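Chemist: Have a look at the structure that comes next, please.
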């Protein structure tokens, strides 16, 4: 595994736990943790349960004992590492974003395609797909439970940037993060909407905004700024903190999307609602063990949204865990992701989301940016009309 | 009162009830009900409690005993009637839309301005403003409870057109209704958003869609089609049933708006959420006696949306009604509207929303249509940049 | 109408409104308002729309023009007035409690029975039965939608006595009010539970408590206490403010009941849940336009409580009002009550709840008190085993 | 660890995970798994990560390499194993119930007390205490946030016995399980209520019921019944499936309690609400990442239950996990329990809940049974008045 931050903690827990709850054809072992700072690395490796460490990520690629490379580093490094791993014949789990540009994603998708022919598996970490309620929503939609799809609405709302004095981080600088709320959280609802509806987005009209344009320099905040009075120093935020966009799916269905870090009181409100001719499904990650299901064919007088606790044996992934009504948490999405990947490797099938799917998400993000730069005019995805 | 449909029922109840719960300087009496069909008119007048009827609306205008004209007819007749009433020196309550075009609204706003100088009061029926929870939301925002406004999101979701075989009505024909979901329900959230934030919208980017383009002719549905096999006859829907639009308020705050009649399971989900630097308010008309309030200044660990039942004496209008926890219903918004209008007449002040405010809503609607017709490009309101 | 307090306002609104929304065989007129204080009476009569007033309630009984007597006075006067009215051949709407003792209720039930043979109708004001969601719950249960009843849980939670310095009122003195939370609000959930399940309670085990045993004298609070330091004067509360009781319905089903005015934050949480072998219904008056319905026969994976907005034409009373999703309020329960009573009078049928049903509620209350006085031992209702 | 069922899975996950998220002074290792069936044991040990197995639980006690014994067997074996472990100087984590009788619990509490003087730690597995929202509720109550406690209401509602044809299990036979809904799930709300309020229950009045008195023999259901037509064979259920009880806490506060497995649609609704003179807290395990908090001291008009997502750094245990808004699941309560136990061992302090606290819960259960057997009369706990 390369990278040991927040995602490293989540991923390593998943690698340690998946085979303890799911019947998997293979039993993963945590071998090498790669990172930059030797001290932090040693501590993380001990905590996460890795056998060894290295400050040279290439060591992981070159180690013949290693079968799977898990990439948890910042997005701008994904391209180089994933490419090397695929070429070396390692199965790859790459955190999202697949890369910071459409071009890099295209290259990675092509490499994954080529590697696939050699039996090398790859998967991009849109782990929210593995929320039981969302996987169940997809299943209901695919089974026709809501009829013909009519409309999609999706929001990813957080509030941690509402405070204008929250300090600067690399996530707010375009050269490092590539994008702001749009790419970091908007990408998730794009992926989910396409996946649940089984339909690609083919055009967008979007608007981006940076509500708080400057923030205190991190050092200044922490009193580490060095000489002089730097307490008032503020740095420019170069990415969006609010992204509004409308999308058109293949077939013409419209979707209303919003990604915001200015939504006071919304801590992790990743919401998606799909309306159809005969029903609807609605979800909010703040209540991740629930799916709201509406059945327009229910008897008159008894129609309404049904709050389904997705902890029954009939719900995806749920049978591996606890009795009905005993909910799961955020980290389970990663455990499910690892379980699916390990099963795919063992069964020699291709896991999802593929790098091609991640590329499609990146194309939507790029189109939103293009539209925003052109007064929100509709922009079509490559090969598609606006 | 002119018109006796659904709105006539709501308005007449309000006129009968307002002075029984509120201390008003004047005591309204229901005098004349005007309409087209003599039989239906007679029945409605008896039911609603009017003393007399007429099939000539001009009789109402000309009657010196009448002080207030309440216009509940379809939108395309508002302009002529309201203009005549104002010129005759009658106080006017005109249902929304004020008129079907910006030009007609401008003329009405000018006439109202002129009449005001003669002590004639006018009000446009955006009655949702009189929901206690929404009036309280406005008060909180005005008092600075949520700090500086950062973002608005508003939705008006219904589902009565989800069924592709729901029959054609005049509301779905552009020549009669002027507009579809946008003007009929979208207008409400535009008005509320501007009113609660105390800020005008000055630019929009919008998309309109007609999801179900044809519908069974009403007659065909009812087997009244006459000769031959007409059961399959379908007519063209000429207005939108979904409207998505982003707006920019004066000062630069963005808002995300949606009006839809394709939102399965959402019966009357008129929702508005205003996020600020120090808090937020959120509302859903399906739970009209509740306001969700978020206070970012609450002690760490105790922050969250507070579900306020707006039935306390401190809440607008609530003291006139029942003990705490005993909710109000839809029709109370009209009773409050009448109470405010009667008080304004008695106190010789100007009630709100004025015709100017209704004109501003109409301008936003027109801008959304213009943007939708130009690939969703941002369109500025008159005198304002896009 | 006799009495003009809070209930007088609600009842008179109902009498004015019922025939405006429901097709009734008769058209009620408000004739005489009776009460004690001439000034308050005159003001109330003007506000409520009565033609005349009297300080002698017997005038109402004796007036040959009056057909219906509506009794809104405190409970200790009901017996005398209702008895006189029934004997005089007036139809009677008597607010709950029917009377303050089982004996008086028995006498009234017998009088009502006798009057019925003369075509005189009587109804006791357990108006919550007319909440559309609760009437619909009853209908679902009667139709077998939840199968065989297994369990009932009911709570009526308020918080207005949580503050130990809330002042003394007559409602907290046994000689005037008869009972505290038990009789005032507990009576409602007893009536509803019996009505919805269609089954009588036949035994109870209960506990009563007075959490705050003394309260500031009302006068002292208002600085009207006269000479000396009376600000600290407190009077004894002689009724319960918390009542907990278990009940056994005929057939053996158990129910768990609580009535409390110490439930901080619960403003009017009248809740009832009925669990059956094949489903359940659950209700909370704080969201009076919603009924939660659970169907155990739904497909595996799709089971859950469905939030039904009871504003559809299929729901009791709803068709008389507004379009779907446009909620009703507290006062509508009274309008429905009057509509049902007027229809019963016109159709010469007997309305419900009858005085016999109100007597049964009083018997349950008495049994709870008897059990509470005997260390919560089970007490059977008359003619029934414990 | 002794026992490898559902609890074994949860506990072993906790032992594997606690030190990966919490900074603990010791690093636990999974050594021996004991159980009866060699095959199942081998499979479980591999899955859970134990180094070795034994079918003789005494081996665990006698192994000098083992420091902690975790008892996950059925309740009737706890007494013998825990006693042996304590005497052998092992730290003990014993699942609830501590034992099946008050006498056995007393003996264990005495043994734990004696062992404590030798530095041996013991804890009983009421793991729900480690739900962040509940631990935070306790903290708020202890800090005086809700003022003086006025009332408690607690429910543990499930529905898996609603189906009268759900098959017989050992949990429904008194000789094996000791108790039904009362002891199995009612015990949790008793423990939580005492812990959150910081007050012991000292008297109870209770009612027990077995709604479905016979159930299909498990074998018959599975077609394993052997010769003849056994498909209709039903066995007697000898424990309660519904328990209703009122309790009195030291100081006189009343509580209303219910444990039911007949509550259709309630999957794991463990609810507790504590009302105080200045506020309230309310919790439902079906939404385990939320705590509802009411502050009666909030400004008039802004009072209401605040939905706190207990995923902030300020909330107990939450800082060890994910960013705000990313919820935890059921199993985390066990991980927290292990973390607290390991820390207590390392710091030589006593963890909670102690065996004495578990004994107190058992005494309440016994008192409820005694009261139920005496027509629900109030029964005092030992040394306390009824």
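The values are calculated or read from the model by the stated rules, or taken from the named source; none is laboratory data. All of these numbers come straight from a predicted model, not from anything done at the bench. FYI the Cβ positions are ideal-geometry reconstructions off the backbone, even for glycines, and counts take in every protein chain you see.
Chemist: Quick check, is residue A:351 away from chain D (no Cβ under 14 Å) and in contact with a strand residue (DSSP E or B) (Cβ under 6 Å, 6 or more places away or on another chain)?
Modeler: It is true that residue A:351 is away from chain D (no Cβ under 14 Å) and in contact with a strand residue (DSSP E or B) (Cβ under 6 Å, 6 or more places away or on another chain).
Chemist: How many residues are out of contact with any helix residue (DSSP H, G or I) (no Cβ under 9 Å at 6 or more places or on another chain) and not in a loop (DSSP other than H, G, I, E, B) if we restrict to the stretch A:247-268?
Modeler: 3
Chemist: Output the number of residues of the stretch B:11-29 satisfying the condition of being within 11 Å of chain C (Cβ to nearest Cβ) and modelled with pLDDT of 95 or more.
Modeler: First, pick out the residues of the stretch B:11-29 that are within 11 Å of chain C (Cβ to nearest Cβ): B:12-13, B:16-17, B:19-24, B:27.
Add one more test, that the residue is modelled with pLDDT of 95 or more, and what stays is B:12-13, B:16-17, B:19-24.
Final tally of qualifying residues: 10.
Chemist: What do you reckon, is residue C:6 free of Cβ contacts under 8 Å to residues at least 12 places away in the same chain and under 23 Å from the mean Cα position of the chain (by Cα)?
Modeler: yes
Chemist: Here is a list of conditions, (1) more than 14 Å from chain D (Cβ to nearest Cβ); (2) on the phi < 0 side of the Ramachandran plot; (3) crowded, with 20+ Cβ neighbours inside 10 Å, and residue A:311 meets all of them except one; can you say which number that is?
Modeler: The failed condition is (1).
Chemist: Here's another thing I want to ask about it. Tell me the residue from B:153, B:116 that is under 30 Å from residue B:67 (Cβ atoms) and out of contact with any helix residue (DSSP H, G or I) (no Cβ under 6 Å at 6 or more places or on another chain), please.
Modeler: B:116
Chemist: Shifting gears a bit: Can you report the number of residues in the stretch B:103-123 which are in contact (Cβ under 8 Å) with a residue 24 or more places away in the chain, within 29 Å of residue B:173 (Cβ to Cβ) and surrounded by fewer than 20 Cβ atoms within 10 Å (Cβ to Cβ)?
Modeler: Residues in the stretch B:103-123 being in contact (Cβ under 8 Å) with a residue 24 or more places away in the chain, within 29 Å of residue B:173 (Cβ to Cβ) and surrounded by fewer than 20 Cβ atoms within 10 Å (Cβ to Cβ): 2 in total.
Chemist: Report whether or not residue A:316 is within 14 Å of chain D (Cβ to nearest Cβ) and either under 16 Å from residue A:149 (Cβ atoms) or part of a loop (DSSP other than H, G, I, E, B) (or both).
Modeler: no
Chemist: Now for a separate question. Considering only the stretch D:104-126, state which residues are under 19 Å from the mean Cα position of the chain (by Cα) and assigned to a helix (DSSP H, G or I).
Modeler: Listed by number, the residues that qualify are D:104, D:105, D:106, D:108, D:109, D:112.
Chemist: Would you be able to tell me the number of residues in the stretch C:270-290 that are assigned to a strand (DSSP E or B), within 13 Å of chain D (Cβ to nearest Cβ) and buried (at least 20 other Cβ atoms within 10 Å of the Cβ)?
Modeler: The number of residues fulfilling the criteria is 8.
Chemist: Considering only the stretch A:244-269, state which residues are within 20 Å of residue A:293 (Cα to Cα) and within 14 Å of chain D (Cβ to nearest Cβ).
Modeler: Correct list: A:269 only.
Chemist: Okay, moving on. What helices (runs of 4 or more DSSP H) completely inside the stretch B:127-204 contain at least 2 residues that are modelled with pLDDT of 95 or more and surrounded by fewer than 21 Cβ atoms within 10 Å (Cβ to Cβ)?
Modeler: Working: elements: B:132-142, B:174-177, B:187-197.
The helices (runs of 4 or more DSSP H) meeting that bar are B:132-142.
Chemist: One residue is enough: does the stretch C:184-200 have a residue meeting the conditions more than 17 Å from residue C:361 (Cα to Cα), within 14 Å of chain D (Cβ to nearest Cβ) and in contact with a strand residue (DSSP E or B) (Cβ under 9 Å, 6 or more places away or on another chain)?
Modeler: For the stretch C:184-200, residues more than 17 Å from residue C:361 (Cα to Cα), within 14 Å of chain D (Cβ to nearest Cβ) and in contact with a strand residue (DSSP E or B) (Cβ under 9 Å, 6 or more places away or on another chain): absent.
Chemist: Okay, next question. Tell me yes or no: at least one residue of the stretch C:37-49 is under 20 Å from residue C:329 (Cβ atoms) and more than 14 Å from chain B (Cβ to nearest Cβ).
Modeler: Taking every residue of the stretch C:37-49 in turn, none turns out to be under 20 Å from residue C:329 (Cβ atoms) and more than 14 Å from chain B (Cβ to nearest Cβ).
Chemist: Further, regarding this structure: Residues of the stretch C:291-308 being facing chain D (nearest Cβ under 10 Å) and part of a strand (DSSP E or B), which ones?
Modeler: Hits for the stretch C:291-308 are C:292, C:293, C:294, C:295, C:305, C:306.
Chemist: Could you give me the residue pairs with C-beta distances under 8 Å whose first residue belongs to the stretch A:145-162 and is on the phi > 0 side of the Ramachandran plot, whose second residue is surrounded by fewer than 23 Cβ atoms within 10 Å (Cβ to Cβ) wherever it lies, and which are 6+ apart or on separate chains?
Modeler: So the pair list comes out as A:147/A:277; A:147/A:278; A:147/A:296.
Chemist: Then there is this: Are any residues in the stretch C:357-386 closer than 29 Å to residue C:112 by Cα and in a loop (DSSP other than H, G, I, E, B), and if so, which ones?
Modeler: Those that are closer than 29 Å to residue C:112 by Cα and in a loop (DSSP other than H, G, I, E, B): C:381, C:382, C:383, C:384, C:385, C:386.
Chemist: Please go through the stretch B:278-299 and pick out each residue that is in contact with a strand residue (DSSP E or B) (Cβ under 9 Å, 6 or more places away or on another chain) and closer than 20 Å to residue A:160 by Cβ.
Modeler: B:278, B:279, B:280, B:281, B:282, B:292, B:293, B:294, B:295, B:296, B:297, B:298 - these are the residues of the stretch B:278-299 that are in contact with a strand residue (DSSP E or B) (Cβ under 9 Å, 6 or more places away or on another chain) and closer than 20 Å to residue A:160 by Cβ.
Chemist: Among the candidates D:95, D:107, single out the residue that is closer than 30 Å to residue D:217 by Cα and not assigned by TED's automatic domain parsing to the domain that holds residue D:279.
Modeler: Among D:95, D:107, only D:95 is closer than 30 Å to residue D:217 by Cα and not assigned by TED's automatic domain parsing to the domain that holds residue D:279.
Chemist: Turning to a different aspect of this structure: Return the total of residues in the stretch C:342-355 being closer than 20 Å to residue C:99 by Cα and buried (at least 21 other Cβ atoms within 10 Å of the Cβ).
Modeler: Residues that pass the stated criteria total 2.
Chemist: Let me ask something additional. Does residue B:301 meet the test of being without any contact (Cβ under 8 Å) to a residue 40 or more places away in the chain, assigned by TED's automatic domain parsing to the domain that holds residue B:140 and at positive phi?
Modeler: Judged against the criteria, residue B:301 is a match.
Chemist: Using beta carbons and a limit of 8 Å, which pairs, at least six apart or on different chains, have the first residue in the stretch C:20-35 and free of Cβ contacts under 8 Å to residues at least 24 places away in the same chain and the second one exposed (fewer than 15 other Cβ atoms within 10 Å of the Cβ)?
Modeler: C:29/C:51
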